[in-house]
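Colleague: Structure incoming, see below.
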Amino acid sequence: MTGVFLFQVFRPRTAPEAIDLVSKLLEYTPGARSSAIEALAHPFFDELRVEGARMPNGRDFPPLFNFTREGKYCFFFYVGQVLDSDAGAELSVRPDLLRQLVPPHCEPELASRSISLDNFVPVPVEQMRLTLD
């Protein structure tokens, strides 16, 4: 079987950032493949981090950055999956990506829930666990 370059699979007008993101998610080598949190920090999603950004139909986005230290949040970007966690931690998975994930205009909302990006203390790995009930 011969390989195919991703730019040959997508339409010519496909954003280069989209092709780059897909290529990182489809990486064959697990250690080199982007994780979910790394994918969320990818430049493809930068337009979602712009203050006042709206959906193509003009409606407001649902809350996209209402993270918590413990890992509970209501909406996971476009997907609409409700994920709840007893002691998970989406922000604790890769604290080095906080500034890429959370736009400056969302920091006051996080601060209102006692989350400071400057003084963030990750949840220890042994306390992270995800439940879907």
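Only the coordinates and a few stated rules stand behind these numbers; no lab work does. Bear in mind that the values here come from a model prediction, so they are computed numbers and not experimental data. Glycine also receives a Cβ, built like all others from the backbone with ideal geometry; neighbour counts cover every protein chain displayed.
Colleague: List, in order, the whole-Hz ³J(HN,Hα) value for each residue of region 94-102 obtained from phi through the Karplus relation with A = 6.51, B = -1.76, C = 1.60 and θ = phi - 60°; use x for Gly and Pro.
Modeller: Here the 3J(HN,Hα) series is 9, x, 5, 9, 3, 5, 7, 6, 9 Hz.
Colleague: A follow-up question, please. Let's see if you can work this out: charge +1 on each Lys and Arg Cβ, -1 on each Asp and Glu Cβ, no other charges. What is the dipole magnitude of region 20-65 about its Cα centre, in debye to the nearest 20?
Modeller: Here the size comes out at about 120 debye.
Colleague: Loop only per DSSP, at most 10 neighbouring Cβ atoms within 10 Å: give me the trypsin sites (Lys or Arg not before Pro) in region 1-73, ordered by residue number.
Modeller: Those satisfying the criteria are Arg13, Arg59.
Colleague: Could you go through region 15-29 in sequence order and give the Karplus-derived ³J(HN,Hα) for each residue, using 6.51 cos²θ - 1.76 cosθ + 1.60 with θ = phi - 60°, rounded to whole Hz, and x for Gly and Pro?
Modeller: 4, x, 5, 5, 5, 4, 4, 4, 5, 6, 7, 9, 3, 5, 7
Colleague: Summing Lys, Arg as +1 and Asp, Glu as -1, what charge do residues with Cβ under 14 Å from the Cβ of Pro104 carry, Pro104 excluded?
Modeller: Spelling it out: positives minus negatives among the neighbours equals -3.
Colleague: Determine, for Leu26, Leu21, Leu6, the number of other Cβ atoms within 10 Å of each Cβ, and report the residues in order from fewest to most.
Modeller: Ranking Leu26, Leu21, Leu6 by Cβ neighbours within 10 Å, fewest first, gives Leu26, Leu6, Leu21.
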